[in-house]
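The values are calculated or read from the model by the stated rules, or taken from the named source; none is laboratory data. None of the values given here were measured: they were computed from a predicted structure. For neighbour counting, all protein chains shown are included, and Cβ atoms are generated from backbone atoms with ideal geometry for every residue, glycine included.
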Amino acid sequence: MFNFVVNRGVRVASVERRIYNTFVSSNVPRTVSSFATVDAEEISGSNPAEVLNLVQGKWIGSSNYNTIVDPLNGDSFIKVSEIDETGIQPFVESLSSCPKHGVHNPFKAPERYLMLGDVSTKAAHMLSLPKVSDFFTRLIQRVSPKSYQQAHAEVYVTQKFLENFCGDQVRFLARSFAVPGNHLGQQSHGFRWPYGPVAIITPFNFPLEIPVLQLMGALYMGNKPVLKVDSKVSIVMEQMLRLLHTCGLPVEDVDFINSDGKTMNKLLQEANPQMTLFTGSSRVAEKLAVDLKGKIKLEDAGFDWKILGPDVQQEDYIAWVCDQDAYACSGQKCSAQSLLFMHENWSHTSFISKLKDLAERRKLDDLTIGPVLTFTTESMLEHMNKLLEIPGSKLLFGGQPLKDHSIPSIYGAIKPTAVYVPLEEIVKDKNYELVTKEIFGPFQIITDYKSSQLPIVLDALERMHAHLTAAVVSKDPLFLQEVIGNTVNGTTYAGLRARTTGAPQNHWFGPAGDPRGAGIGTPEAIKLVWSCHREIIYDIGPVPKNWEVPPST
Ligand SMILES: NC(=O)c1ccc[n+]([C@@H]2O[C@H](COP(=O)([O-])OP(=O)(O)OC[C@H]3O[C@@H](n4cnc5c(N)ncnc54)[C@H](O)[C@@H]3O)[C@@H](O)[C@H]2O)c1
């Protein structure tokens, strides 16, 4: 009997597999060559890749090329065809052709919810194929150098996100609700409504994950997006759009533009999208918020902090998490640990020397440390030197340029660095701004505090302007409660294993404390960013018998 059950289980599983394989082979392209126009390994100065734009369903070039240099050796290895201000008209027209009620909504073309579920199923499957996953991992590494594991994590999160929105899950995002009315025939229904024409602007550091997650969210809810990714890395998303097309995404559904910031700014002002999602620096975020009259949601700068509570334990583990949080991807995660508050109990342990050892293991060979794309070596060292002028501050480790490399001088290359600054100095007005400046590289500030100084730590956190990620490392529930209850960061990890980085598809990631704050990843994030509430109040009658015109009110 037992045998029979087992055999039957095997048979059923193999039948299911056959059905699945038939489905997959007839519906989904299986190889990189079915969509890709470049070979991640072969791109070089002598064999440069070209990146195109997509508008009104057509891939187009331009006469204006932005030449991207290989961040590891300075070779001109990618030619991005960029649209300048004279070329934006087709993009403006394409966006303007989409009405405010969107491409689909619960009352219009609902079959598109299912179509996008199918596209997600096929695209998730494609990303699960080792060859395809390796292709994107290597392509990410070529333009935004990070270790294979870190680049692969980006592909994996994107795959899992797409798996989350297979089948009927897209239409469930647009789930409505109803409330009985005041009289017969009246009922109010709440719907998730698209914005229609929308724009998505994303930075260089997550070339696949951020644009795909936001783009699919925008599409799922019925919007027509124009997407702009930082030209340094836009080759990744160009290839991903080609993959999505082979998985059934209609070519007219998304426009893709390569341009400088100024041209994009002009496009936004002329096309006037109903909503723009901006991920990037606070400087550009604030400018766009004004230019677009507030029709924007923001994922902006992170100056992310971690507090080690008074209970010292698991030193090795916590030092390892701190090293990953501060220095993985060479500190170029918006969630990277920028400021570590360490209870004095930790100062009496070998925690800092453990952190130093871990940071010093990182090497350029495997990209566990690598080029910094928005700060030069000089600017990071200059910042460090200014910090070292603060009384009581000292260099804990790092603080030197990387050696023996060919990273071009427009980019930065420094060893993982930590500077100690005393808490009393951090909170002084004359130092605070300098200490809390986001350095998008392998750089962190470390300080210590006594239990009696926790209110000063909390005050320092209150004064920050960006509230993205945070971590409170402790097993003491009362300590966790006090810190969480007195802070606002949108993605806060709490407990022994707390980290600042980690933006998987299974939890919300985004800032809090700002009504313009966006989120990424989860159904809640998609609904909040990419749809608005619409209420339809059905009032179909009947009018009561013997109704008479009442006195005016
Ligand atoms: N909160 C998040 O989820 C998140 C995620 C990743 C990065 N970031 C932040 O991004 C920053 C790093 O990226 P960066 O330095 O490349 O950012 P950036 O603001 O310079 O650029 C981001 C994007 O905006 C475009 N852009 C620039 N000026 C523009 C304008 N006037 N109009 C329209 N678009 C314009 C750029 O071309 C790029 O595509 C860091 O501050 C980091 O913390 C935040």
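Brief remarks follow.
- Listed by first and then second residue, the pairs linking a residue in the range 264-280 that is without any contact (Cβ under 8 Å) to a residue 12 or more places away in the chain and not assigned by the TED database to the domain that holds Gly294 to a residue that is more than 10 Å from the ligand (Cβ to nearest atom) and part of a helix (DSSP H, G or I), with Cβ atoms under 8 Å apart and 6 or more places separating them unless they lie on different chains, form an empty list.
- Residue count for the range 90-117 under the criterion of being of a type outside the set (A, V, I, L, M) and touching a Gly at 6+ places or on another chain (Cβ under 6 Å): the result is 7.
- Just so you know, in the range 161-206 the residues that are within 22 Å of Ala525 (Cα to Cα) and hydroxyl-bearing (Ser, Thr, Tyr) include one that is surrounded by the fewest Cβ atoms within 10 Å (Cβ to Cβ), and it is Ser176.
- Within the range 255-272, being aliphatic (A, V, I, L, M) and under 20 Å from Phe204 (Cβ atoms) holds for Ile257, Met264, Leu267, Leu268.
- Residue in the range 351-364 that is surrounded by 14 or more Cβ atoms within 10 Å (Cβ to Cβ) and of a type in the set (S, T, N, Q) present: no
- Among the residues listed as Ala123, Ala109, the single one being in contact with a Leu (Cβ under 7 Å, 6 or more places away or on another chain) and either surrounded by 22 or more Cβ atoms within 10 Å (Cβ to Cβ) or closer than 19 Å to Lys224 by Cβ (or both): Ala123
- Filtered residues of the range 508-553 (kept if of a type in the set (Gly, Ala, Ser) and surrounded by fewer than 18 Cβ atoms within 10 Å (Cβ to Cβ)): Ala512, Gly513, Gly541, Ser552
- The criterion of at least 2 residues that are touching a residue at least 60 places away in the same chain (Cβ under 8 Å) is met by the following strands (runs of 3 or more DSSP E) wholly inside the range 393-479: 443-449, 469-473.
- When the range 381-392 is filtered for residues that are assigned to a helix (DSSP H, G or I) and over 11 Å from Lys415 (Cα atoms), the ones remaining, listed by number, are Glu382, His383, Met384, Asn385, Lys386, Leu387, Leu388.
- In the range 297-341, the qualifying residues are those that are assigned to a helix (DSSP H, G or I) and either touching a strand residue (DSSP E or B) at 6+ places or on another chain (Cβ under 7 Å) or not assigned by the TED database to the domain that holds Val421 (or both), and the one that is farthest from the ligand (Cβ to nearest atom) is Ile318.
- In the range 483-504, residue nearest to Gln313 (Cα to Cα) [restricted to those that are within 14 Å of the ligand (Cβ to nearest atom) and assigned to a loop (DSSP other than H, G, I, E, B)]: Thr500
- The strands (runs of 3 or more DSSP E) falling completely within the range 127-219 that include 3 or more residues that are within 16 Å of the ligand (Cβ to nearest atom) map to 197-202.
- Top-ranked residue of the range 246-257 - restricted to ones that are of a type in the set (Val, Ile, Thr) and more than 26 Å from Phe509 (Cβ to Cβ), ranked as nearest to the ligand (Cβ to nearest atom): Val251
- Looking across the range 506-544 at every residue that is closer than 30 Å to Glu462 by Cβ and more than 15 Å from the ligand (Cβ to nearest atom), the one that is nearest to the chain's Cα centre (by Cα) is identified as Asn506.
- Test: residue in the range 349-369 that is within 16 Å of the ligand (Cβ to nearest atom) and outside any helix (DSSP H, G or I): no
- Condition check for Val233: in contact (Cβ under 8 Å) with a residue 40 or more places away in the chain and within 13 Å of the ligand (Cβ to nearest atom): yes
- Considering residues of the range 258-274 that are surrounded by fewer than 23 Cβ atoms within 10 Å (Cβ to Cβ) and outside any helix (DSSP H, G or I) only, the residue nearest to the ligand (Cβ to nearest atom): Asp260
- Residues of the range 277-290 that turn out to be more than 8 Å from the ligand (Cβ to nearest atom) and out of contact with any Asp or Glu (no Cβ under 9 Å at 6 or more places or on another chain), as a count: 2
- Filtered by the rule that a residue be aliphatic (A, V, I, L, M) and not in a loop (DSSP other than H, G, I, E, B), the range 528-553 gives Leu528, Val529, Ile536, Ile537.
- Residue match in the range 90-109 (condition: in a loop (DSSP other than H, G, I, E, B) and either of a type in the set (Asp, Glu) or under 21 Å from the mean Cα position of the chain (by Cα) (or both)): no
- Selected residue (only one of Glu462, Glu433 is within 16 Å of the ligand (Cβ to nearest atom), of a type in the set (D, E, K, R) and loosely packed, with under 15 Cβ neighbours inside 10 Å): Glu433
- Count of the range 55-75 residues which are surrounded by fewer than 14 Cβ atoms within 10 Å (Cβ to Cβ) and over 17 Å from Glu238 (Cβ atoms): 2
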